[in-house]
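The structure appears below as structure tokens.
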Amino acid sequence: MRSAAALACILGFIPAVAVQQRGEAAGDPSRGEYIVENVAMCVQCHTPRNEAGDLLRSRLLQGAAVPFQSPYPGLRWANTAPPIAGLPQYTLEEGVRLLTAGVTRTGTPLRPPMPPFRMREQDARDVVSYLKSMK
Ligand code: HEC
């Protein structure tokens, strides 16, 4: 009787844990938006600007010319930041790897000025969940 109760307990517990882990794995898009807009500043490079230099909010994260040049001649340098709204080219796990380890989907090295982020995993999940929630 006691073991039956214990078994029922465990069986009840397992799905609850699984659901919780799935929730965590997907990330929190609203916290991701906060990081993208206010902490990691992805918007500053990945959003185009008008002639006054203001971000064009109607084209949020749709790719842009990098607004500054490398001060080091000969350095590998990217002059454009690609569109990342929706992040269609990356799976969630690939995006997490990019932001926690700096490894791109194809394994090619990232060129500066894209920062080699070393986010904590949950932060990266939140950011990727937000990007994927954009149309
Ligand atoms: C200082 C400017 C800058 C900031 C800030 C920045 N990026 Fe980038 N990002 C770039 C540039 C430039 C590239 C292109 C790099 C290249 O072509 O090697 C890039 C490339 C990327 C790519 C494409 C990687 C690939 O597979 O080629 C992704 C995804 C990305 N950035 C996401 C982000 C996210 C998410 C943030 C914020 C957490 C962010 N970036 C912040 C400049 C920036």
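Would the stretch 54-77 turn up any residue that is open to solvent by 80 Å² or more (accessible area, probe 1.4 Å), without any contact (Cβ under 8 Å) to a residue 12 or more places away in the chain and not in a loop (DSSP other than H, G, I, E, B)? Show your work before the answer.
If we filter the stretch 54-77 for residues that are open to solvent by 80 Å² or more (accessible area, probe 1.4 Å), which is where we start, we get 54, 57-59, 62, 68-69, 71-76.
After this cut, where a residue has to be without any contact (Cβ under 8 Å) to a residue 12 or more places away in the chain as well, the list is 54, 57-58, 69, 71-74.
Now restrict to residues that are not in a loop (DSSP other than H, G, I, E, B): 57-58.
The answer is yes, given that some residue of the stretch 54-77 is open to solvent by 80 Å² or more (accessible area, probe 1.4 Å), without any contact (Cβ under 8 Å) to a residue 12 or more places away in the chain and not in a loop (DSSP other than H, G, I, E, B).
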**Q.** In the stretch 50-68, the residues that are more than 13 Å from the ligand (Cβ to nearest atom) and not small (Gly, Ala, Ser)
**A.** ASN50, GLU51, ASP54, LEU56, ARG57, ARG59
Q: Check ARG118, ARG111 and return the single one that is open to solvent by 90 Å² or more (accessible area, probe 1.4 Å), near the ligand (Cβ under 8 Å from one of its atoms), assigned to a loop (DSSP other than H, G, I, E, B) and not acidic (Asp, Glu).
A: ARG111
Q: Scan (1) open to solvent by 30 Å² or more (accessible area, probe 1.4 Å); (2) among the hydrophobic types (A, V, I, L, M, F, W, C); (3) within 19 Å of the chain's Cα centre (by Cα) for the single condition ALA40 breaks and write down its number.
A: (1)
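The values are calculated or read from the model by the stated rules, or taken from the named source; none is laboratory data. All of these numbers come straight from a predicted model, not from anything done at the bench. Heads up, the Cβs are rebuilt from the backbone with ideal geometry, glycines too, and the neighbour counts pull from every protein chain shown. Protein only, heavy atoms only, side chains kept; ligands, DNA and RNA dropped before computing areas. Shrake-Rupley method; radii C 1.70, N 1.55, O 1.52, S 1.80 Å.
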